[in-house]
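Here the structure comes first, spelled out in structure tokens, and everything after it is commentary.
The values are calculated or read from the model by the stated rules, or taken from the named source; none is laboratory data. What you see is a predicted model, and the numbers here were worked out from it, not measured in a lab. Ideal geometry is used to build each Cβ from the backbone, glycine not excepted, and the neighbour counts take in all protein chains shown.
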Number of protein chains: 2
Amino acid sequence: MIAAMNDIRTAPSGVRGPAETEKRDAIVNAAKEHFSLYGYGKTTVSDLAKAIGFSKGYIYKFFDSKQAIGEAICAGCLGEITSLVEEALVDATTATEKFRRVFKTISENSAALFFDERKLYDIAAVSALERWGSSQAYVDHVSALLQTIILEGRESGEFERKTPLDETLRGIMHVLEPFMNPLMLQHKLDELPDAPNEVTNLVLRSLAP
Amino acid sequence: MIAAMNDIRTAPSGVRGPAETEKRDAIVNAAKEHFSLYGYGKTTVSDLAKAIGFSKGYIYKFFDSKQAIGEAICAGCLGEITSLVEEALVDATTATEKFRRVFKTISENSAALFFDERKLYDIAAVSALERWGSSQAYVDHVSALLQTIILEGRESGEFERKTPLDETLRGIMHVLEPFMNPLMLQHKLDELPDAPNEVTNLVLRSLAP
DNA sequence: ATTGTGACTGATATACAAAATGGTCACTTG
DNA sequence: CAAGTGACCATTTTGTATATCAGTCACAAT
């Protein structure tokens, strides 16, 4: 899995201090490892400090709180998914095909996060539950992506043009949510991969001119 | 709210003993009151026994387990919703309108359960999480209902006929789930009542011939 | 026979003291 | 002054001893 770093440029809320990217990255890297191994709850800020060879207090020169570190990790995970989505889009020719790939890539990789990186998945779930910025940015990003695809499909004549763009988009985001929101995906794991495919078909029927 | 008792004839699993409906109903009534006031967890089987003037052991002449009582209560709640749905359907003329009402009635009354009978809602959530028979019966019932409506719409020419009925139905059940499954509805409460309406519109577009 | 009981048991929940943690800040170090 | 520390405090988390509960069963009452 290519680890293209997200360039969501997720609003770095909770980040503070000078732009000493080296140390900040060291913290993030240590956090990603510890969080994915032991989980967010069982990792202490002191653990992270020890891992990078500093004391706990110094961490707070770079991050407002432990949660801010969690948000950074979460933004990384979700950013990876959006990267994979964009990667999957480059050789898709039609808006229809792009739509299919967005849906498929998101549901598959969210499920993969659940099965392969369960501890990080749990952070993403908390992020969704508590509406952290990292989750909001992810949703906004996907929403914007879908909007351009819908517009493209409307222009090419693949999709209908009567329904207001906003409503089309909101409707689609609603039916996509169970496959991209960790809180909901948890309850649909045993309906994969058929469910997202069936929903995609339904949506494409609704988009037909 | 009219309390038309459900006639889902929900598979009475976990129910045992003779059909002494009076005492069994007494147990169920006591359970509904206690569960809705104090919750499933904080109600003991002895509490229910005391409420009907018997001893704990006697309860088990009628129900296999405490969970079986919970299932009965849950089936009652969900059965009330299906009753309301059927009630809403009697004066709907077109399949389109019937579809709208199914969606609207389910989402509104599930949310009402959350806000007005939170403790009972929690039981329904556990029922969904642990896949109790009461939840499965509810889903099956709604699914069957939707199937007849789709068929009706197909025959009247309101809906398209190309897509296999099963796939149409499954797709619709997938997008309905976030509004009828308590586990998912919890996370969509602040998108009501717009979200179900927008999803309904999307589905109706997908059903258009 | 039918209706009903309450003592018994392993598993679960509660309560509460002790330990650990997130976060701050005055201070040291180079 | 910039980089970094660790004692300190309020809040959570954890460990654990105790109490409660779900479920059974032999038996009592009618």
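Quick look at the numbers
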read-out: Some residue of region B:149-164 being within 13 Å of another protein chain (Cβ to nearest Cβ) and either within 13 Å of the chain's Cα centre (by Cα) or closer than 30 Å to B:ALA68 by Cα (or both); value: no
read-out: Every residue from region A:104-144 that is among the acidic types (Asp, Glu) and either in contact with a Gly (Cβ under 8 Å, 6 or more places away or on another chain) or over 13 Å from A:CYS74 (Cα atoms) (or both); value: A:GLU108, A:ASP116, A:ASP122, A:ASP140
read-out: Test: residue in region A:4-22 that is assigned to a helix (DSSP H, G or I), modelled with pLDDT under 95 and of a type in the set (Asp, Glu); value: yes
read-out: Any hit, region B:173-196, residues being outside any helix (DSSP H, G or I) and charged (D, E, K, R); value: no
read-out: Selected residue (criterion: farthest from DNA strand D (Cβ to nearest atom)) from residues of region B:55-76 that are surrounded by 19 or more Cβ atoms within 10 Å (Cβ to Cβ) and among the aromatic types (Phe, Trp, Tyr); value: B:PHE62
read-out: Residue that is farthest from A:ALA125 (Cα to Cα) [pool: residues in region A:157-194 that are in contact with a helix residue (DSSP H, G or I) (Cβ under 6 Å, 6 or more places away or on another chain) and touching a residue at least 60 places away in the same chain (Cβ under 8 Å)]; value: A:GLU158
read-out: Complete set of residues in region B:33-51 that are without any contact (Cβ under 8 Å) to a residue 60 or more places away in the chain and more than 12 Å from DNA strand D (Cβ to nearest atom); value: B:GLU33, B:ALA51
read-out: The one condition in (1) free of Cβ contacts under 8 Å to residues at least 60 places away in the same chain; (2) within 15 Å of DNA strand D (Cβ to nearest atom); (3) closer than 21 Å to B:VAL126 by Cβ that B:ASN29 fails to fulfil; value: (2)
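Residue by residue, here is whether (1) within 12 Å of DNA strand D (Cβ to nearest atom); (2) in contact (Cβ under 8 Å) with a residue 24 or more places away in the chain; (3) within 14 Å of another protein chain (Cβ to nearest Cβ); (4) buried (at least 18 other Cβ atoms within 10 Å of the Cβ) holds:
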{"residue": "A:GLU20", "(1), (2), (3), (4)": "yes, yes, no, no"}
{"residue": "A:ARG24", "(1), (2), (3), (4)": "yes, yes, no, yes"}
{"residue": "A:GLY53", "(1), (2), (3), (4)": "yes, no, no, no"}
{"residue": "A:LEU78", "(1), (2), (3), (4)": "no, yes, no, yes"}
{"residue": "A:SER83", "(1), (2), (3), (4)": "no, yes, no, yes"}
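Condition check ((1) hydroxyl-bearing (Ser, Thr, Tyr); (2) crowded, with 19+ Cβ neighbours inside 10 Å; (3) at pLDDT below 95) across all residues:
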position	(1), (2), (3)
A:VAL142	no, yes, no
A:LEU145	no, no, no
A:THR148	yes, no, no
A:GLY153	no, yes, no
A:PHE159	no, yes, no
A:LYS162	no, no, no
A:MET180	no, yes, no
A:LEU185	no, yes, no
A:LEU189	no, no, no
